[in-house]
Amino acid sequence: MDQAAGGTDQLKVFVKACHRRGIAVILDVCYNHFTSNAERAEWAYDSNNPTKNIYYWYEGQPSDYSEPDGGYIDNLSSQWTPRYDQEAVRQLFISSAAFLVSVCHIDGFRLDQTSSIHQYPVLHANGQRCDRAAAFGVKFLRQWTRTMRLVAPRLFLCAEDYSGWTAMTQPSLDGAGIGFDATWYADFDHHLVEFQGGGYSELIKQAGFGDNRTLQVDRFANTLRASGTLKVVYHESHDDVGNRPRSA
């Protein structure tokens with residue numbers, strides 16, 4: 001826990017203050033990528049040989065690629081994919097979440113970009129799918145949700161997931177599902193507010209032009225119907241705002 005932000009003790013004080021006011025605390029956690037340039041990152045922690053770095057996924061040997069970094073795994077996140085096949089990596093994520101629940105009394109989690117963990121992994125060299133990395137990503141997610149349910153069965157677990165995979169919100173204890181309570185639902189925001197690219201209604205943006213253009217209210221209505229089951233609906237997020245192209 002970063003002491004510059006108050007450390008564990010101040011987080012516990014914050015959570016307790018929220019609970020006294022009837023406010024649940026849902027923590028956003030990121031397991032889909034590390035950043036090698038970040039302060040205190042686990043980059044080359046044990047070795048500068050990419051095949052021996054237990055934290056980052058690497059396929060084959062450096063000699064298999066024209067550039068040594070060709071064997072790393074991309075998953076549409078910044079930097080490379082964590083090595084979910086390593087028990088140490090899975091336990092790093094799982095134990096930290098268990099600590100936040102048991103010691104700091106967090107009420108739930110929102111997992112960042114889970115689609116990158118179980119669907120998007122590809123070889124950096126050529127974009128070839130890496131099904132083994134995806135399979136171990138599934139194993140990690142199921143292991144994580146099962147542990148959280150054991151630690152605190154009433155936790156709220158949400159995944160930022162755009163895959164449409166129904167298993168994400170099916171129970172994990174029977175072996176079929178991944179075990180989340182809900183998935184992030186971006187279409188509501190994109191049809192109502194704005195999204196750069198794609199066939200979205202962008203009702204507020206389009207209405208703001210003040211002309212006679214036809215507004216696609218029917219598409220937004222379909223979005224409302226789809227949002228009613230096992231979805232977290234929002235009208236703004238840091239991704240949509242932060243990633244939006246800016247005019248000069």
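Quick note: the coordinates plus some simple rules give every number you see, no bench work behind them. Note that this is a predicted model, so its numbers are computed, not measured. Because the Cβ atoms are built from the backbone with ideal geometry, glycine has one as well, and the counts that use them run over all protein chains shown.
What the table shows:
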item: MRE, 222 nm, helices only [DSSP H, n ≥ 4, -39500 (n - 2.57), over the chain, to nearest 500]; result: -9500 deg cm²/dmol
item: Of all DSSP beta bridges in the chain, antiparallel share, percent nearest 5; result: 30
item: By average C-beta atoms within 10 angstrom, highest first, the peptides 114-124, 191-201, 9-19, 136-146; result: 114-124, 136-146, 191-201, 9-19
item: HN-Hα J in Hz across region 112-118 - Karplus 6.51, -1.76, 1.60, θ = phi - 60°, x for Gly and Pro; result: 5, 6, 5, 4, 5, 6, 10
item: Residue order, fewest to most surrounding Cβ atoms within 10 angstrom, among L150, L92; result: L150, L92
item: Label selected from [x] -0.70; [y] -0.40; [z] -0.60, the criterion being log10 I(q)/I(0) by the Debye sum over Cα atoms at q = 0.10 Å⁻¹ as computed here; result: [z]
item: Order of R129, R225 under a 10 Å beta carbon neighbour criterion, fewest first; result: R225, R129
item: Long-range amide H partners of F156 with built H, under 5 Å; result: G108, F109
item: Two-site FRET efficiency, N126 against S227, from Cβ-Cβ distance with R₀ of 35 Å, rounded to 0.05; result: 0.40
item: Derived scalar couplings ³J(HN,Hα) [region 62-74; Karplus, 6.51 cos²θ - 1.76 cosθ + 1.60; whole Hz; x for Gly, Pro]; result: x, 5, 6, 10, 5, 10, x, 7, x, x, 6, 10, 8
item: R0 of 35 Å, Cβ-Cβ distance R20-A176: FRET efficiency to nearest 0.05; result: 0.35
item: Sorted by Cβ neighbour density within 10 Å, fewest at the top, the residues D161, D174, D69; result: D174, D69, D161
